[in-house]
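Notes follow once the structure below has been shown.
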Amino acid sequence: MKNVAVIGTGYVGLVTGVVLSEIGHTVTCIDNDEQKVNTLKTGQSPIYEPGLDELMAKNIDVNRLYFTTNHREAFEKANIVFIAVGTPQSDNGAADLTYIQQAAKDIAQNIVNDTIVIMKSTVPVGTNDLIETVIKENLVSNVKVDVVSNPEFLREGHAIYDIFHGDRIVIGAEVAEAGDIVEQLFSALKLPIVRTNRRSAEMIKYASNAFLATKISYINEIANLCEKMEVNVLDVADGMGLDHRIGRAFLNPGLGYGGSCFPKDTEAIAYLGRKHGFPLTIVESAIKANFHQRELFLHKVLDYFNGDVEGKIIGMLGLAFKPNTDDLREAPSLYLIEELEKHGAVVKAYDPVVKHLAQCMDSVEGVLDRADAVLLVTEWDEFKEMKIENSRVFDGRYILKK
Ligand code: UDX
């Protein structure tokens with residue numbers, strides 16, 4: 001069993017740390033935010049993720065899972081350090097590497113053992129090379145460092161399940177022995193392993209996310225055409241999905257993709273394409289189609305009221321960017337609320353988990369009461385069987401029984 005440190009307690013870092021402790025390793029998660037670390041120490045997850053709190057509490061109890069703000073404290077025992085900090089989108093679409101650079105410097109200045117640094121964050125091709133250089137240039141102890149790329153594919157809301165049942169573990173290493181140690185670290189998960197070099201591993205992550213995002217935009221465009229031609233797009237998706245070369249997953253039409261990954265990762269790979277003189281025209285189109293999907297939905301609602309929603313009460317069911325999460329990043333709901341309110345509508349919303357927006361009501365009834373129209377925006381299970389007594393229902397997720 002290994003002694004591991006994880007920098008960053010966002011979705012990826014926290015779930016990775018907790019699962020590594022669950023499979024027997026000793027893990028210390030590091031975050032700069034003292035308040036967050038204090039909450040984590042009590043076994044409470046700051047994010048809504050089914051199953052996470054239980055695993056945290058259990059592994060804290062058996063002394064396999066620790067939290068700290070102090071890098072040195074975590075690195076004194078560890079010889080494996082994960083980087084799992086954010087790579088937000090910068091103005092030109094490129095990934096912003098500020099937090100990654102900072103993590104590299106923190107590692108260089110605080111490690112005291114020979115260390116394998118594992119990059120979990122989604123980073124542009126070449127970043128692992130760069131980070132290895134930054135660490136080596138800033139090292140204060142005389143130790144050996146190898147950087148290994150190990151991109152993460154977990155989905156919010158299914159994060160624990162996804163780590164235990166992932167399709168593959170990608171390991172990109174320049175030094176075979178370092179790659180072997182990362183392989184051992186995850187051996188208890190018994191998942192297929194893809195071994196490659198660092199740059200290819202980095203590209204596998206971006207190319208996978210961009211492909212899935214494109215698949216969603218593709219089915220959304222087909223759905224729009226189906227609607228015009230009285231074709232049932234869900235039957236079309238089922239019929240297509242049975243072809244094993246296509247597969248049914250990610251063929252659910254709706255309001256387009258949101259969240260913390262697809263929007264930023266598609267922009268980041270598109271930026272790489274432009275930068276290297278090979279624009280990714282298909283990905284660029286998928287990005288445009290994704291935004292168009294929200295606009296189209298908004299216009300359906302506006303058109304219904306002949307463009308005048310001033311004073312109309314619009315009920316909104318679902319706010320999170322997808323079910324089983326409280327995440328609002330790039331959520332279509334935020335765009336719709338902003339635009340509808342700009343047009344003078346009063347939006348009343350209900351989400352089973354998101355409760356803090358000014359538009360939030362306590363119950364579905366509160367949303368349906370006196371609503372001039374109802375928009376289904378997130379496909380939470382509890383909405384699926386609901387009978388909505390309102391003739392003006394706009395089902396943005398194709399889930400309601402007619
Ligand atoms: C995604 C990837 O799936 C994961 O591998 C990666 O590590 C992070 O990004 P996540 O953003 O958590 O995960 O959610 P996911 O379930 O993939 O959904 C992404 C978006 O696509 C959501 O907005 C969802 O509503 C939308 N979507 C997904 C569709 O519109 N239709 C589909 O068929 C599937």
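The values are calculated or read from the model by the stated rules, or taken from the named source; none is laboratory data. Note that the structure is predicted; figures quoted are calculated from it, not measured. Here the Cβ positions follow ideal geometry from the backbone for every residue, glycine too, while neighbour counts run over all protein chains shown. Accessible surface areas use protein heavy atoms only, side chains included; no ligands, DNA or RNA. Shrake-Rupley method; radii C 1.70, N 1.55, O 1.52, S 1.80 Å.
Overview of values
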item: Segment Phe164-Asp362, extension gain: residue separation times 0.36 nm, minus the distance between their alpha carbons; result: 67.8 nm
item: Evaluated at q = 0.20 Å⁻¹: base-10 log I(q)/I(0), Debye formula over Cα of the stretch 81-155; result: -0.81
item: Translational D in µm²/s for the stretch 1-98 (Stokes-Einstein at 10 °C, 1.306 mPa s, Kirkwood Rh from C-alpha pairs); result: 117
item: Per-pair calculated FRET efficiency, R0 = 25 Å: Lys288 and Glu310 via Cβ, rounded to 0.05; result: 0.25
item: Net length gained if the chain between Asp114 and Ala207 were fully extended (0.36 nm per residue, minus Cα distance); result: 30.2 nm
item: Accessible area per residue, Å², the stretch 164-285 with all protein chains present, probe 1.4 Å; result: 53
item: Radius of gyration and maximum dimension Dmax of the stretch 3-196, Cα, Å; result: 15.6, 46
item: Formal net charge of residues neighbouring Val283 (Cβ-Cβ distance under 11 Å; K, R +1; D, E -1); result: -1
item: Theoretical gain in end-to-end length, Asp91 to Glu221 [0.36 nm per residue, Cα-Cα removed]; result: 44.1 nm
item: Residue of Tyr257, Tyr335, Tyr11 that the Gaussian network model of the chain assigns the largest fluctuation, springs spanning Cα pairs under 10 Å; result: Tyr335
item: Shape metrics for the stretch 143-269, restricted to C-alpha atoms - Rg then Dmax, Å; result: 18.0, 67
item: The stretch 38-95 - Rg (one decimal) and Dmax (whole number), Cα, Å; result: 15.0, 46
item: Solvent-accessible area, 1.4 Å probe, carbon plus sulfur percent, for the stretch 231-395; result: 53
item: Long-range HN-HN contacts of Val148 with modeled amide H, under 5 Å; result: Val117, Ile118, Met119
item: Mean-position separation - Cα centroids, the stretch 4-63 and the stretch 115-187, in angstrom; result: 18
item: Intensity falloff of the chain expressed as log10 I(q)/I(0), Debye formula with alpha-carbon point scatterers, at q = 0.06, 0.10, 0.11, 0.13 Å⁻¹; result: -0.27, -0.73, -0.87, -1.13
item: Using a Förster distance of 30 Å, the FRET efficiency for Asn390-Ile246 (Cβ separation, nearest 0.05); result: 0.25
item: Environment charge of Glu174, counting only residues whose C-beta is closer than 12 Å and scoring Lys/Arg +1, Asp/Glu -1; result: -1
item: In the stretch 231-395, lysine pairs with alpha-carbon atoms under 18 angstrom apart (chain gap of 8 or more, or interchain); result: 9
item: Fraction in percent of alpha-carbon pairs per bin - 10 Å, the stretch 231-395; result: 10, 33, 34, 18, 5, 0
item: Other-chain or far-sequence residues with amide H under 5 Å of Val170's (modelled H); result: Val194
item: Label-point separation, Ile47 to Asn142 (7 Å along Cα→Cβ), nm; result: 4.1
item: Span from the the stretch 303-378 Cα centroid across to the the stretch 209-288 one, whole angstrom; result: 25
